[in-house]
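A quick write-up on the structure given underneath.
Laboratory data are not the source of any read-out in this text; all were calculated from the coordinates shown. Because the structure is predicted, anything quoted here is derived from the model rather than measured. We place every Cβ from the backbone using ideal geometry, glycine too, and count neighbours over all the protein chains shown.
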């Protein structure tokens, strides 16, 4: 089973958009608020050259930074999560 983590903040419109997109598709994910989880914030900075870019999405180890819906859908298709 694939795992999807969305790292972001409650105030970030892009994070909320990505969450709504996955909700609409019916694809489960875990949301990690980097303002409440210092380790998660460090993970995001590590994958974004020191910046806290949100959302940062991890799909089974493939990390996407601020993906468009099309970019995210392409990865979901490649993982067999979207037809």
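Worth pointing out:
- Gyration tensor (alpha-carbon) shape descriptor, the stretch 35-83, a/c threshold 1.5: prolate
- Averaging the sequence gap over all C-alpha pairs within less than 8 Å and six or more residues apart, then dividing by the number of residues, gives the chain a relative contact order of 33 percent.
- The stretch 4-78 shape via C-alpha gyration tensor axes, a/c threshold 1.5: prolate
- Fewest-first sequence of 29, 7 by Cβ atoms within 10 Å of each Cβ: 29, 7
- Acute angle (nearest 10 degrees) that the helix 38-47 long axis makes with the longest principal axis of the chain, alpha-carbon atoms: 70 degrees
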